[in-house]
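**Q** The structure under discussion is supplied below as structure tokens; questions concerning it will follow.
The values are calculated or read from the model by the stated rules, or taken from the named source; none is laboratory data. Just so it is clear, the model here is predicted, and its values are computed rather than measured. Here the Cβ positions follow ideal geometry from the backbone for every residue, glycine too, while neighbour counts run over all protein chains shown.
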Amino acid sequence: MNATALFEYGLAFLTLYVSVFFILLLLENRHVLKHNPKPSRYPPISIIIPAYNEEKSIAATIESVLAAEYPNKKQIIVINDGSKDSTLAKARAFAKRGVLVLDQPNKGKGAALNNGLRHVNGELVVTLDSDSFIERNALMKLVGFFDDPTVGAVTSVMKVHEPRNTLQRLQRVEYLITVFNRRVLSFINSINVTPGPLSVFRRSVFDKVGGYDEHNILEDQEMALRIQAADYKIESSMEGVVYTKTPRTLRELVRQRVRWHRGGVRNLLKHYYLINPRYGDFGIVIMPLGILSMLAIFVVIAISALTLLHRQPGLLEYGLSNFIYTFSPMHLLGVMIFLGTLAWTYVGIKSIDSETVNPLEILAYVIIYAPLITLFWLVTAFKEAKREKLRW
């Protein structure tokens, strides 16, 4: 067996092993998959909304928070991060309705969030992107998890706001399956991101782990890693919903994902110490798996390139009988993984209330997103090799 075949079988084994692990994890916790605890109390809450050049959405974002149901004090803080459009003026129009509007020179999202943290008076802190809109009951659905004193943060159900084209509909599938995956990860306390569109934190967490890293372009993941390091739990709701805008074009999507990937690589390097049995499943399964996945992608790209250079005859050239004759266990493993991915995606989306997706969209997502992920990583590697400056 040559090195290429050895790697392929090793990768297939790892994929199947991880798949079985998560399937068993889901089955073990299927009865609590949709459990959303009702709060014994509703602590005062502060909502921080950092904004940069969001004149088209900032008013609707603030309106969604003002309209949100919550029986205790609800402080709303908007931080204008040096916008060059009318974001500041539109935010200030809400000052008469009790919204605190702060203005600062452009310093980045992390600095804007830290500015907001200096003014919060709530026991819980919500971070909300300025192009995102919460459902009326979202806050009510998220705070119940904090009855557990070990919970430091809670993530929401992120959905795509008004998907209009094929690319956004594929992102809709992606976001829904990500919500499901995050919920499954919560069963082993292994969530590695507190998404910017909507997450809730215990205020005291920031006293222990510090504020946001103002030089980090993936600040929501970096914060989650520090929360994990501080031994807090990060929970995931299947009911608290936020709608967020997503890229409309492939160019916008590549730019966004390359930023995420480059930020993710740096966060793994910064917090490599989390690869440690001390951090339970997060330290011995999820963190190492993240690194192995990145390495595997580049090896797959290299093998694919070599295969193209030494292309073997395909089905049409071989003929059906010869193709069947040469069908190997590796092909069978590939089919099993493909079908398993389809099934997991279908089950995941079905588990989210009021969500349905055309099976053809699921099929398109599984088929199209694999090469897209390859594209994201190729661009990431190119920019890293050039040592291109990280930009938002």
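**Q** Which residues, taken from region 1-34, are in a loop (DSSP other than H, G, I, E, B) and in contact (Cβ under 8 Å) with a residue 60 or more places away in the chain?
**A** Of region 1-34, the ones in a loop (DSSP other than H, G, I, E, B) are 1-2, 29, 33-34.
If the condition is that a residue be in a loop (DSSP other than H, G, I, E, B) and in contact (Cβ under 8 Å) with a residue 60 or more places away in the chain, then Asn29, Leu33, Lys34 are the ones that fit.
**Q** Look through Leu339, Leu306, Leu269 and report the one residue that is modelled with pLDDT under 95, exposed (fewer than 12 other Cβ atoms within 10 Å of the Cβ) and closer than 25 Å to Val193 by Cβ. Lay out the reasoning, then the answer.
**A** Numbers: Leu339 fails: closer than 25 Å to Val193 by Cβ; Leu306 fails: closer than 25 Å to Val193 by Cβ.
The unique qualifying residue is Leu269.
**Q** Quick one: would you say Ile227 is part of a loop (DSSP other than H, G, I, E, B) and either modelled with pLDDT of 95 or more or among the aliphatic types (A, V, I, L, M) (or both)? Lay out the reasoning, then the answer.
**A** On the way: part of a loop (DSSP other than H, G, I, E, B): no; either modelled with pLDDT of 95 or more or among the aliphatic types (A, V, I, L, M) (or both): yes.
No.
**Q** A further question follows. Output the residues belonging to region 192-214 that are in a helix (DSSP H, G or I) and either over 14 Å from Ala229 (Cβ atoms) or in contact (Cβ under 8 Å) with a residue 60 or more places away in the chain (or both). First the steps, then the outcome.
**A** Pass one, region 192-214, residues in a helix (DSSP H, G or I): 203-209.
Listed by number, the residues that qualify are Arg203, Ser204, Phe206, Asp207.
**Q** Another question about this same structure. Please report, ordered by residue number, the helices (runs of 4 or more DSSP H) entirely within region 47-131 with at least 2 residues that are among the β-branched types (Val, Ile, Thr) and crowded, with 18+ Cβ neighbours inside 10 Å. Even if it seems obvious, please write down each step before you answer.
**A** Details: elements: 58-66, 87-92, 109-117.
Because the criterion is at least 2 residues that are among the β-branched types (Val, Ile, Thr) and crowded, with 18+ Cβ neighbours inside 10 Å, the helices (runs of 4 or more DSSP H) in region 47-131 that meet it are 58-66.
**Q** Restricting attention to region 342-388, report how many residues are touching a residue at least 24 places away in the same chain (Cβ under 8 Å) and of a type in the set (Lys, Arg).
**A** 1
**Q** Is it true that some residue in region 47-54 is closer than 25 Å to Asp148 by Cα and either under 28 Å from the mean Cα position of the chain (by Cα) or in contact (Cβ under 8 Å) with a residue 40 or more places away in the chain (or both)? Break it down into steps so the answer makes sense when it comes.
**A** Initially, region 47-54 is screened for residues closer than 25 Å to Asp148 by Cα, giving 47-48.
Remaining after also requiring either under 28 Å from the mean Cα position of the chain (by Cα) or in contact (Cβ under 8 Å) with a residue 40 or more places away in the chain (or both): 47-48.
Within region 47-54, one or more residues are closer than 25 Å to Asp148 by Cα and either under 28 Å from the mean Cα position of the chain (by Cα) or in contact (Cβ under 8 Å) with a residue 40 or more places away in the chain (or both).
**Q** Oh, and also: Restricting to region 212-250, name every residue that is surrounded by fewer than 22 Cβ atoms within 10 Å (Cβ to Cβ), closer than 18 Å to Gln168 by Cα and among the hydrophobic types (A, V, I, L, M, F, W, C).
**A** Leu250
**Q** Still on this structure, I have one more. Which of the residues that make up region 264-282 are part of a helix (DSSP H, G or I) and of a type in the set (A, V, I, L, M)? Steps first, please.
**A** If we filter region 264-282 for residues that are part of a helix (DSSP H, G or I), which is where we start, we get 264-270, 272-274, 277-282.
Of everything in region 264-282, those that are part of a helix (DSSP H, G or I) and of a type in the set (A, V, I, L, M) turn out to be Val265, Leu268, Leu269, Leu274.
**Q** A further question follows. Could you grab the pairs with beta carbons closer than 7 Å, sequence gap of 6+ or different chains, first residue in region 139-166 and more than 30 Å from Tyr365 (Cβ to Cβ) and assigned to a strand (DSSP E or B), second one modelled with pLDDT of 95 or more and aromatic (Phe, Trp, Tyr)?
**A** Hits for this filter: Val151/Phe145; Val151/Tyr232; Gly152/Phe201; Gly152/Tyr232.
**Q** In the list Lys96, Lys90, Lys74, Lys34, which residue meets the criterion of being more than 19 Å from Ser199 (Cβ to Cβ) and touching a strand residue (DSSP E or B) at 6+ places or on another chain (Cβ under 6 Å)? Please lay out each step first, then the result.
**A** Working: Lys96 fails: touching a strand residue (DSSP E or B) at 6+ places or on another chain (Cβ under 6 Å); Lys90 fails: touching a strand residue (DSSP E or B) at 6+ places or on another chain (Cβ under 6 Å); Lys74 fails: more than 19 Å from Ser199 (Cβ to Cβ).
Step by step, each of Lys96, Lys90, Lys74, Lys34 is checked, and only Lys34 is more than 19 Å from Ser199 (Cβ to Cβ) and touching a strand residue (DSSP E or B) at 6+ places or on another chain (Cβ under 6 Å).
**Q** Next up: Looking at region 1-37 only, could you name the residues that are of a type in the set (S, T, N, Q) and either at pLDDT 95 or above or surrounded by 14 or more Cβ atoms within 10 Å (Cβ to Cβ) (or both)?
**A** Thr15, Ser19, Asn29, Asn36
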